[in-house]
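A short write-up of the structure that comes next.
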Amino acid sequence: MRRAVGIACLWAMLLPATAWAQLSTKLAAIGGYQYDSNVYDVQSGLPVPGTADFHYGDSYYSYGGQLDLRETYGQQTWFATAAASHFTYDHFTELTHNEYRLDGGWNWRLGGDWYGTLEVSRTRTMVAFTEIVQLELALATDQRENALVGVEFVPDWRLEASGFTHQTREPLLNEPNLQLTESSGALALKYVGVTGLTGGLTGGYTHGSYTDAGAAATLAVLFPTFAYDQTTVALTATYQPSAPSALGPAGPSTFDGAVGWSQRTSPTGFDQVSGVTGHLDYKNQLTGKTSVQIALDRAINNYLTNAGAEIDTSASMSALWQATYRISVAPSYSWLYRFLPDQGFIPNTNRGDHLQFAALVINYVPRAWLDIKPYVNFQTRKSNYFGANFNATVYGATLTVSWQHPPP
């Protein structure tokens, strides 16, 4: 918390006094209702673990507020966000909780060659029951610091250095001090000589360590702290035209992609995986009112509950139809395969989860200060882990009342 407060103070000190008159401010009050047919993601036919309750569904009401500040002064931009919410559950009252989010940073530029970003964020959120194996409320506190420095050192070439530190605390029933700490650094060389197209090469290194990791308790005598090292190299490309193409008024396509190789090693030998990684994000403005997006992704991530790695392969499709200037409709579908090596129900076996998610969101803005957003989604998981299969239907709505200066 002290680091988050510190960045807010730094933000205030760096902001020139003469610029306060141009400060952009947005204040919002947010309320919501949601019903979930399977709150704990329980497999059909089984009771809620630890109980004889076959009542899976529940609803909650939420309320909260958010403050956004943004200031651009010359080549410098400062920003800050603070948000908090309260969730009250009707049936599973033990899930009632509070969440918050703090975020602040500085986008800077010196002359025409040097640029960069400093950002600090802190969040406290409920852990989804697809991520844990307990049937009790878990709240994760996540702290992250990001920095990037770039320079255009010769015509059409850029060199960027970036890094982050990250800490997640996720107290669980049998792991009350479970924590993941990470630090990472990366270098990227980019060529921008073709209009709208940026290509390059990037390489990064991440070191992470787990504490109070009960999943690897059998190695605790030799390895009191479980750690990993991960390296990634990739070719990258983005295409973002600055003007509509000759194809017509619908506008051009854009994409952001990378393909490379990632390898993770661990002194315990418990957390060693490697493979092809990368992503592709393609967008197309089909008409003046309709756009589509397709995304593919493969990455080596952390499964904090087991202090282990997971290889996530995903594909998603979404669309946005701006029916009128007040109403938009956004359908989406995503598929995810999670491979968790050596984390199966039977020791020394692998776990594999297939998750699907389909959603429809309608955004209605009857006034500039009022936003009404009803939604419905369906999610399902098929797994070789005992008791992990489930499906759930969720529907609800959020209502946002906001004040903004200067007016939108």
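The values are calculated or read from the model by the stated rules, or taken from the named source; none is laboratory data. Treat the numbers as computed from the prediction; the structure is a model and nothing was measured. Methodologically, a virtual Cβ is constructed for each residue, glycine included, from the backbone with ideal geometry; neighbour enumeration extends over all protein chains shown.
Do we find that ASP68 is closer than 22 Å to LEU399 by Cβ, in contact with a Lys or Arg (Cβ under 7 Å, 6 or more places away or on another chain) and surrounded by 13 or more Cβ atoms within 10 Å (Cβ to Cβ) in this structure? Yes, satisfied.
Test ALA243 against the criterion of being loosely packed, with under 15 Cβ neighbours inside 10 Å, closer than 15 Å to VAL194 by Cβ, at pLDDT below 95 and of a type in the set (A, V, I, L, M, F, W, C), and give yes or no.
So ALA243 passes the test.
Looking across the range 206-218, just one residue is loosely packed, with under 15 Cβ neighbours inside 10 Å and at pLDDT 95 or above, and that is HIS207. Only a single criterion out of (1) without any contact (Cβ under 8 Å) to a residue 12 or more places away in the chain; (2) part of a strand (DSSP E or B) is not satisfied by ILE346, namely (2). Name every residue in the range 147-176 that is among the hydrophobic types (A, V, I, L, M, F, W, C) and either within 30 Å of LEU135 (Cα to Cα) or touching a Ser or Thr at 6+ places or on another chain (Cβ under 9 Å) (or both), in order of residue number. Passing the criteria: ALA147, LEU148, VAL149, PHE164, LEU172, LEU173. With respect to (1) more than 20 Å from ALA29 (Cα to Cα); (2) over 22 Å from the mean Cα position of the chain (by Cα); (3) surrounded by 16 or more Cβ atoms within 10 Å (Cβ to Cβ), the lone exception for ALA359 is condition (2). Scanning the range 57-106 for residues that are charged (D, E, K, R) and under 20 Å from the mean Cα position of the chain (by Cα) gives ASP68, GLU99, ARG101, ASP103. If you filter the range 76-119 down to residues that are hydroxyl-bearing (Ser, Thr, Tyr) and assigned to a strand (DSSP E or B), you find that the one that is surrounded by the fewest Cβ atoms within 10 Å (Cβ to Cβ) is THR88.
Within the bounds of the range 347-356, is there any residue that is buried (at least 16 other Cβ atoms within 10 Å of the Cβ) and closer than 26 Å to TYR35 by Cα? Looking through the range 347-356, at least one residue is buried (at least 16 other Cβ atoms within 10 Å of the Cβ) and closer than 26 Å to TYR35 by Cα.
Within the range 163-176, residues that are under 21 Å from GLU145 (Cα atoms) sit with their Cβ atoms under 6 Å from residues that are surrounded by 17 or more Cβ atoms within 10 Å (Cβ to Cβ) and among the β-branched types (Val, Ile, Thr), at 6+ positions apart or across chains, in these pairs: GLN167/THR181. Residue by residue through the range 51-98, note down the ones that are in contact with an Asp or Glu (Cβ under 6 Å, 6 or more places away or on another chain) and among the β-branched types (Val, Ile, Thr). Listed by number, the list holds a single entry, THR81. Evaluation of ALA188 against the conditions (1) under 19 Å from the mean Cα position of the chain (by Cα); (2) crowded, with 17+ Cβ neighbours inside 10 Å; (3) hydrophobic (A, V, I, L, M, F, W, C) shows that the sole unmet condition is (1). Of the residues GLY387, GLY344, the single one that is exposed (fewer than 15 other Cβ atoms within 10 Å of the Cβ), of a type in the set (Gly, Ala, Ser) and within 26 Å of PRO49 (Cα to Cα) is GLY387.
Filtered by the rule that a residue be closer than 18 Å to GLY308 by Cβ and either touching a residue at least 60 places away in the same chain (Cβ under 8 Å) or in a strand (DSSP E or B) (or both), the range 177-197 gives LEU178, GLN179, LEU180, THR181, GLU182. Listed by first and then second residue, the pairs with beta-carbon distance under 8 Å, at least 6 apart or on different chains, first residue in the range 292-305 and touching a residue at least 60 places away in the same chain (Cβ under 8 Å) and in a helix (DSSP H, G or I), second of a type in the set (S, T, N, Q) and buried (at least 16 other Cβ atoms within 10 Å of the Cβ), are LEU304/THR168.
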